[in-house]
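The values are calculated or read from the model by the stated rules, or taken from the named source; none is laboratory data. Since the model is a prediction, treat every value here as computed from it, not as a measurement. Every residue, glycine as well, gets a Cβ built from its backbone with ideal geometry; the counts of neighbours run over all protein chains shown.
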Amino acid sequence: MTAQAERTTLDGQLVGYWAREADRLEALAAAARFGWQKRRFLRRAADARAREAQSEARETARASGAASPA
């Protein structure tokens, strides 16, 4: 067991954060009173899902060793 294997990266943390943020925004959209509020929350949730996917891709690339050192 090495420290490297157990270390949580920033991208690993961001995957969870963006997933929770998208869920929160979707819940707000469901409770929105006006259509423009619902659309805005849903756009923001879609952006959060895209950021989640981007962080997940970076995390997967890092885990497979494909990421170049910065």
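Scanning the range 9-23 for residues that are touching a helix residue (DSSP H, G or I) at 6+ places or on another chain (Cβ under 8 Å) and polar (S, T, N, Q) yields one hit, T9.
Residue pairs whose Cβ atoms lie under 9 Å apart, separated by 6 or more positions or on different chains, with the first residue in the range 41-70 and surrounded by 12 or more Cβ atoms within 10 Å (Cβ to Cβ) and the second modelled with pLDDT under 85, are R58/A67; T60/A66; A61/A67. The set of residues from the range 39-49 being of a type in the set (D, E, K, R) and under 13 Å from A22 (Cα atoms) comprises R40, R43, R44, D47, R49.
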